[in-house]
Amino acid sequence: MSGPLTPTDAPSMPLSQDAASPTVEVTESRTATVGRMTVRRALPKRGRRTIGAWCFVDHMGPLAVDENEGIDIGPHPHIGLQTVTWLFAGEVLHRDSLGSEQTIRAGQLNLMTAGRGVVHSEERTGRYRGELHGVQLWVAQPDGTRVTEAAFEHHSDLPQPELDGCDTTVFVGSFAGATSPARADTDHVGVELRMRAGSVTAPLIRAHEYGLIVTEGSITVEDAIVEPGRLAYLGCQRDELVLSARDDARAILIGGEPFGEPVLMWWNFVARTQDEITQAYRDWSGDVSERFDHVATSMARIPASPPPWLA
Ligand code: MN
């Protein structure tokens, strides 16, 4: 997926990042276009760049796709982040410059760690016909790992702790006594919640901040109604969270220890300084770079426009 195009999408300095207390702040996602898909971008936004180490949330689809037309995002680079791809329906073929080629289906996790640099494409499988629906999230890597080598993991067997009134899948981190096997460079969590009509109490960690993205149906949190196209920021200092729904609903709960490092995001790069992003832009825009290697696909590379400070 491709990220924010301007630094105003993701200001480099913290704004009103007060994570000290519980709150329910509901904000509208922005509409963006990725490949031929319209997505609802819940993060980053002005005033809220991160929730834990999560720095980017796109809700994509549902969209009807077929053998000839799908997500179709050609090779593009990343640095300093992990891409977390999670589907509710459909199939996507991931290819990357490490040589990975992995089809992902609903309920499975593709986790790519960019580190100092990686390139990937996200393509139709050429077989699947039906609905494509999912999320892609990015995790900002901490200074301790963000300039190390790239990596890729696929997980099809993930823990599914049951809450009273809600089935869950823990794709990253720990929740309700279960821990995902996926790599986590910081203390963060990502969980799919599949609610039935009624209420559910989700156990949380007091020191973590949380956010909720509803992808199907409608969920009420305290007095706030959260629906597709909205992000509910929940703050810290909660031992539990009560959610209620009148009908079946699906949501992604993200959270983690507040990310203490300044983050500068531009396009597909997560860094700390403009110079780092300028170098990544130049490496991608040149013919060959050692950190942005070839991907074995017939799709065309996605070019980058210069960052605004170079234009
Ligand atoms: Mn991507």
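Among the residues of segment 136-146, are any touching a strand residue (DSSP E or B) at 6+ places or on another chain (Cβ under 6 Å), surrounded by 22 or more Cβ atoms within 10 Å (Cβ to Cβ), polar (S, T, N, Q) and within 26 Å of A89 (Cβ to Cβ)?
Yes, segment 136-146 has at least one match.
Would you mind finding the one in L111, L137, L81, L132 that is closer than 19 Å to E216 by Cβ, at pLDDT 95 or above and within 15 Å of the ligand (Cβ to nearest atom)?
Values: L111 fails: closer than 19 Å to E216 by Cβ; L81 fails: closer than 19 Å to E216 by Cβ; L132 fails: within 15 Å of the ligand (Cβ to nearest atom).
Among L111, L137, L81, L132, only L137 is closer than 19 Å to E216 by Cβ, at pLDDT 95 or above and within 15 Å of the ligand (Cβ to nearest atom).
I'd like the residue in segment 109-151 that is touching a residue at least 60 places away in the same chain (Cβ under 8 Å) and among the acidic types (D, E) and, out of all such residues, is farthest from P258 (Cα to Cα).
Going through the qualifying residues, I end up with E131.
For segment 239-256, state whether one or more residues are modelled with pLDDT under 95 and over 17 Å from the mean Cα position of the chain (by Cα). Please lay out each step first, then the result.
First pass over segment 239-256, keeping only residues modelled with pLDDT under 95: none.
No: zero hits.
Of everything in segment 44-70, what is under 18 Å from V172 (Cα atoms) and in a strand (DSSP E or B)? Give them in sequence order. Walk me through it before giving the result.
Within segment 44-70, the subset under 18 Å from V172 (Cα atoms) is 50-59.
Across segment 44-70, the qualifying residues are I51, W54, C55, F56, V57, D58, H59.
What's the number of the condition G217 fails, among (1) farther than 26 Å from N268 by Cα; (2) surrounded by 17 or more Cβ atoms within 10 Å (Cβ to Cβ); (3) in contact (Cβ under 8 Å) with a residue 40 or more places away in the chain; (4) in contact with a strand residue (DSSP E or B) (Cβ under 6 Å, 6 or more places away or on another chain)?
(3)
State whether one or more residues within segment 36-57 are more than 23 Å from R230 (Cα to Cα) and over 17 Å from the mean Cα position of the chain (by Cα). If you could, list the steps in order and put the result at the bottom.
First, pick out the residues of segment 36-57 that are more than 23 Å from R230 (Cα to Cα): none.
Scanning segment 36-57 turns up no residue that is more than 23 Å from R230 (Cα to Cα) and over 17 Å from the mean Cα position of the chain (by Cα).
Can you name the number of the only condition in (1) closer than 29 Å to T145 by Cβ; (2) charged (D, E, K, R); (3) in a strand (DSSP E or B) that R194 fails?
R194 satisfies every listed condition except (1).
Please go through segment 147-174 and give me each residue that is within 16 Å of the ligand (Cβ to nearest atom) and of a type in the set (D, E, K, R), ordered by number. Walk me through it before giving the result.
Taking segment 147-174 as the starting set, the residues that turn out to be within 16 Å of the ligand (Cβ to nearest atom) are 150-154.
The one that is within 16 Å of the ligand (Cβ to nearest atom) and of a type in the set (D, E, K, R): E153.
Looking at segment 88-108, which of the residues that are away from the ligand (no atom under 15 Å from the Cβ) and closer than 20 Å to M299 by Cβ is surrounded by the fewest Cβ atoms within 10 Å (Cβ to Cβ)?
At the first step, the residues of segment 88-108 found to be away from the ligand (no atom under 15 Å from the Cβ) are 88-91, 99, 101, 103, 105-108.
Next, only the ones that are closer than 20 Å to M299 by Cβ stay: 90-91, 99, 101, 103.
Values: G90: 25, E91: 22, G99: 11, E101: 15, T103: 15.
Per the stated criteria, the residue is G99.
Here are some conditions: (1) under 24 Å from D187 (Cβ atoms); (2) away from the ligand (no atom under 16 Å from the Cβ); (3) touching a residue at least 40 places away in the same chain (Cβ under 8 Å). A64 meets all but one. Which one does it not meet?
For A64, the failing item is (1).
Being more than 16 Å from the ligand (Cβ to nearest atom), assigned to a strand (DSSP E or B), exposed (fewer than 15 other Cβ atoms within 10 Å of the Cβ) and at pLDDT 90 or above is true for just one of T23, T31. Which residue is that?
On the way: T23 fails: exposed (fewer than 15 other Cβ atoms within 10 Å of the Cβ).
Answer to the check: T31.
Does R183 satisfy being exposed (fewer than 14 other Cβ atoms within 10 Å of the Cβ), out of contact with any helix residue (DSSP H, G or I) (no Cβ under 9 Å at 6 or more places or on another chain), of a type in the set (K, R) and at pLDDT 95 or above? I'd like the intermediate steps shown before the answer.
Numbers: exposed (fewer than 14 other Cβ atoms within 10 Å of the Cβ): no; out of contact with any helix residue (DSSP H, G or I) (no Cβ under 9 Å at 6 or more places or on another chain): yes; of a type in the set (K, R): yes; at pLDDT 95 or above: yes.
Spelling it out, it is not the case that R183 is exposed (fewer than 14 other Cβ atoms within 10 Å of the Cβ), out of contact with any helix residue (DSSP H, G or I) (no Cβ under 9 Å at 6 or more places or on another chain), of a type in the set (K, R) and at pLDDT 95 or above.
Would you call A151 touching a Lys or Arg at 6+ places or on another chain (Cβ under 8 Å), of a type in the set (G, A, S) and within 18 Å of A53 (Cβ to Cβ)?
On the way: touching a Lys or Arg at 6+ places or on another chain (Cβ under 8 Å): yes; of a type in the set (G, A, S): yes; within 18 Å of A53 (Cβ to Cβ): yes.
Here the answer is yes, as A151 does meet what is asked.
Scan R246, R291, R250 and give me the residue that is farther than 17 Å from M195 by Cβ and of a type in the set (K, R). So that I can check it myself, show each step before the final result.
On the way: R246 fails: farther than 17 Å from M195 by Cβ; R250 fails: farther than 17 Å from M195 by Cβ.
Result of the check over R246, R291, R250: R291.
Scan (1) away from the ligand (no atom under 16 Å from the Cβ); (2) out of contact with any Phe, Trp or Tyr (no Cβ under 6 Å at 6 or more places or on another chain) for the single condition I254 breaks and write down its number.
So the condition that I254 fails would be (2).
The values are calculated or read from the model by the stated rules, or taken from the named source; none is laboratory data. If you're wondering where the values come from, they're calculated on a predicted model, not measured in any experiment. Cβ: placed from backbone, ideal geometry, glycine included. Neighbour counts: every protein chain shown.
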